[in-house]
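No lab work stands behind these numbers, since they all come straight from the coordinates. The model shown is predicted, which means the values in this text are computed figures rather than measured ones. Positions of Cβ are backbone-derived with ideal geometry, glycine not excepted, and every protein chain shown enters the neighbour counts.
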Amino acid sequence: TERGSTVEIRATIRSSDPDFGQQIRIIAEESGKGVSVKTVYPQRRVQRDGNSSFSIDYRIKIPSNAPLQVKNRFGSISVHDVAAAQLNNSHGSISVRESRGPLEATNAFGSIDVSESGGAILNNQNGSIQARDIRGELEVANRFGSVSIRTVSGGVTIRNTNGSVDVHEIGGELSLENGFASVAVSDIKGAVRITNNNGRVVLREAGKG
């Protein structure tokens with residue numbers, strides 16, 4: 001393997017049923033498209049007392065220029081210092097810091113927290129979204145949770161319902177739709193379009209580009 005192109009994988013398996021834990025397999029495969037890592041679980045047995053639990057924690061290092069794709073169901077995703085990334089989770093938080101390329105993060109039951117990203121598309125269902133220090137365009141969609149955005153160099157598009165929206169320091173245009181919660185917006189350099197239903201709107205220092 002050439003220097004700087006190595007993928008390092010460390011997995012920690014925990015299980016209240018030792019036999020079940022020993023049957024969990026971590027499979028890493030290399031192809032022309034890159035390296036894939038997946039977890040294969042055996043058919044689950046119910047312990048005599050009716051209670052059992054297990055978890056797998058991954059720590060993965062990839063080359064600095066390699067795109068990253070993660071699919072998870074139960075548990076948090078934490079990413080630091082990557083190129084382009086596509087993250088998909090169901091029950092757990094997503095945290096991203098220092099994404100140099102485009103970022104796409106989708107979640108269902110958990111928060112999304114992004115900082116220092118080179119442009120992003122963030123989609124959530126039942127959890128808050130926070131984004132700050134975004135270099136490029138930002139697109140956000142949420143249903144049941146707050147949205148907090150600060151310091152974006154490009155334009156911002158937000159579609160939210162049932163959660164407050166706070167947007168500050170935007171270098172481009174802002175298009176915002178919300179319902180059943182408050183909206184607070186300030187320091188927007190480009191044009192501003194806000195639609196809100198059943199909620200207060202506060203707008204300061206807009207269109208000063």
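With a cut-off of 16 Å, note down the residues of the stretch 102-128 whose backbone N falls inside the zone around a label point 7 Å from the Cα of Q69 toward its beta carbon.
102-106
Need the full-extension length gain, L203 to T12, defined as separation in residues times 0.36 nm minus the C-alpha distance. One decimal, nm.
Numbers: separation 191, 0.36 × 191 = 68.76 nm, distance 4.88 nm.
Answer, rounded to one decimal: 63.9 nm.
Assigning unit charges at the beta carbon (Lys, Arg +1; Asp, Glu -1) and nothing else, what dipole magnitude in debye, to the nearest 20, does the chain show about its Cα centre?
Working: 25 positive and 22 negative charges, 76 e Å.
My answer is approximately 360 debye.
Quote the FRET efficiency, to the nearest 0.05, computed for E139 versus E29 with a Förster distance R0 of 35 Å and r equal to the Cβ-Cβ distance. Numbers along the way, then the final one.
Working: r = 33 Å, r/R0 = 0.93.
For R0 = 35 Å, the calculated efficiency reads 0.60.
May I ask you to list the trypsin sites (Lys or Arg not before Pro) in the stretch 63-104 that are in a DSSP loop and have at most 14 other Cβ atoms within 10 Å of their Cβ?
Numbers: sites: K71, R73, R97, R100; in loops: R73, R100.
Hits after loop and neighbour filter: R73.
With just the Cα atoms of the stretch 1-141, tell me how far they stretch along each of the three principal axes, in Å, largest first.
So the extents along the principal axes, rounded to whole Å, are 54, 42, 19.
FRET efficiency for N162 and R97, Cβ-Cβ distance as r, R0 = 35 Å, nearest 0.05? Write out the running numbers ahead of the final one.
Numbers: r = 28 Å, r/R0 = 0.79.
Once the sixth-power term is evaluated, E becomes 0.80.
Expressed in nm to one decimal, what extension gain is obtained for the pair T195 and S78 from 0.36 nm per residue of sequence separation less their Cα-Cα distance? Intermediate values should be presented prior to the final figure.
Values: separation 117, 0.36 × 117 = 42.12 nm, distance 3.32 nm.
So the extension gain works out to 38.8 nm.
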